[in-house]
C-alpha cells in the first residue's frame with residue numbers, strides 16, 4: 001500500500017451510518033466535522049471525554065457505553081477506530097475490511113484503509129491535505145500546508161478568481177479600529193475580491209495599498225456637498241457601481257452599525273433591490289481602550305459600560321442622550337466623537353452628580369502607530385485636551401477602570 005498514493009475523495013455522509021470506536025481526544029477532535037457532515041454517528045466506548053459526553057447529551061451522536069464488540073461496524077459507511085486497546089483496534093479493522101467499510105485507524109495508519117487529511121475551511125471551500133507517501137507521513141508538515149493555504153484564502157493573500165458570474169452586490173465591512181490586522185478574516189477576504197472599494201477615513205487605510213491595480217478606490221471622506229449630501233453621495237455611489245455588476249465593498253471604521261450609518265446605507269440599497277452583506281467589525285469603543293490598557297469592565301470596579309456619541313453637546317436640541325441618567329451610573333462611560341465637546345460633557349456630568357475627580361482617559365489614534373493616551377479627570381479634561389492638543393479620532397473613557405491598568409502615570413504621547 002505504501003507504494004501508491006492515497007486517492008483523495010470527498011465523502012457525503014448525510015444520514016449515513018458512521019461508527020466511532022473510542023471516546024478520547026482523537027474522537028473529540030474528529031466528531032465535530034462528522035456532525036457537521038450530517039452523519040448518523042454511533043460512538044462505542046466505555047468512557048468518553050466531557051466534551052464528547054456533551055455531544056451525546058445534545059443528541060448529536062448516539063453513545064453505546066461499552067467496549068467494541070464484533071458486529072458494531074455492520075451497515076456502516078465509514079469507521080473511525082481510536083480506542084486505546086490495540087487488540088480491539090485490530091479486530092475492528094479486520095471487521096471493516098471484511099465488510100468493505102472505509103476505516104481510519106488512529107494508532108496505525110498503515111493498517112487503515114483510509115487516512116484523515118488535514119482539513120480547513122474558507123467560505124464554501126474545504127482544503128484537504130494528504131501526504132502522498134505513507135513512508136514519509138508527517139502530520140505537522142501537512143497541517144502547516146493546510147494552514148498556509150487556508151490563511152491565504154481567508155486574508156486575501158491567496159486569491160482564486162471566480163470564473164462563474166458573481167451576483168453583484170455590496171458588502172458593508174467593519175474594518176476595526178485602525179490596525180489592519182484587526183479587520184475580520186471575512187472582511188479581508190471580501191476586500192481582496194472587490195472591484196470597487198468605498199473607504200472611510202477611519203478605516204484601515206494600510207489595506208488599500210494591498211489591492212490590485214484594477215480595483216477602484218473611492219475616498220468617501222472627499223465626497224463633496226457637505227455632511228448630509230456626503231452620505232447621499234456615498235449611497236448613490238454604492239448603488240451605481242453595484243448596478244454595473246461590480247463587487248462593491250464599503251469599508252468602514254469600527255463596526256458598520258456603531259455610529260457608522262451602516263443601516264442608512266443598507267436601507268438605501270434595499271430600496272432599489274441590491275443585495276447587501278454586513279460584516280461586523282471590532283468597535284473602537286472596546287478595542288481602543290483595551291489597546292491602551294483600559295478594560296471597560298473589571299471585577300469589583302465596573303459591571304457595565306455605556307457607549308455614547310458625543311458629536312453634539314448635551315445642551316444641543318438634537319441630542320438624544322440622557323446625560324443626567326448617565327451621570328448617575330457607576331459603570332464605565334465610553335464616548336466616541338466627543339473630543340471637541342468633552343468640556344461641555346464633563347460639566348454636564350458633574351452638574352448631575354458625577355464626582356469631579358472621576359478619572360478620564362483620552363486615547364487618540366487607537367491601535368495605530370500614532371496611538372497616544374492622555375489622562376485627566378472630569379474637572380481637568382477640558383483644559384487637558386487644549387494643552388495636550390488632543391485631536392480626533394479619539395476614544396474617551398470615563399470611570400474608575402481608567403486607574404485599573406498598569407499604564408497609569410505620566411500620559412503616553
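The values are calculated or read from the model by the stated rules, or taken from the named source; none is laboratory data. Not measured: the values here are computed from a predicted model. So basically every Cβ, Gly included, is an ideal-geometry build from the backbone, and we count neighbours across all protein chains shown.
Listed here are the strands (runs of 3 or more DSSP E) enclosed by the range 321-413 that have at least 2 residues being free of Cβ contacts under 8 Å to residues at least 60 places away in the same chain and touching a strand residue (DSSP E or B) at 6+ places or on another chain (Cβ under 7 Å): 359-364, 372-377. Note on the range 259-285: among residues that are closer than 22 Å to residue 311 by Cα and free of Cβ contacts under 8 Å to residues at least 60 places away in the same chain, the one that is surrounded by the most Cβ atoms within 10 Å (Cβ to Cβ) is 261. Does residue 288 satisfy the criteria of being under 21 Å from residue 201 (Cα atoms) and in a strand (DSSP E or B)? Considered against the rule, which asks whether it is under 21 Å from residue 201 (Cα atoms) and in a strand (DSSP E or B), residue 288 comes out as no. Applying the criterion of at least 3 residues that are within 28 Å of residue 5 (Cβ to Cβ) and either free of Cβ contacts under 8 Å to residues at least 40 places away in the same chain or in contact with a helix residue (DSSP H, G or I) (Cβ under 9 Å, 6 or more places away or on another chain) (or both) to the helices (runs of 4 or more DSSP H) found wholly in the range 19-111 leaves 25-36, 86-98. Residue 16 satisfies every condition listed in (1) in contact (Cβ under 8 Å) with a residue 60 or more places away in the chain; (2) surrounded by fewer than 17 Cβ atoms within 10 Å (Cβ to Cβ); (3) touching a helix residue (DSSP H, G or I) at 6+ places or on another chain (Cβ under 7 Å) except (3).
Answer yes if at least one residue in the range 312-325 is at pLDDT 95 or above, assigned by TED's automatic domain parsing to the domain that holds residue 371 and closer than 19 Å to residue 402 by Cα, and no otherwise. Checking the range 312-325: not a single residue is at pLDDT 95 or above, assigned by TED's automatic domain parsing to the domain that holds residue 371 and closer than 19 Å to residue 402 by Cα. Looking only at the range 116-126, residues that are in a loop (DSSP other than H, G, I, E, B) and either touching a helix residue (DSSP H, G or I) at 6+ places or on another chain (Cβ under 6 Å) or surrounded by fewer than 14 Cβ atoms within 10 Å (Cβ to Cβ) (or both) come to 2 in all.
Here residue 148 clears all of (1) over 30 Å from residue 259 (Cα atoms); (2) surrounded by fewer than 17 Cβ atoms within 10 Å (Cβ to Cβ); (3) modelled with pLDDT under 80 except the condition numbered (3).
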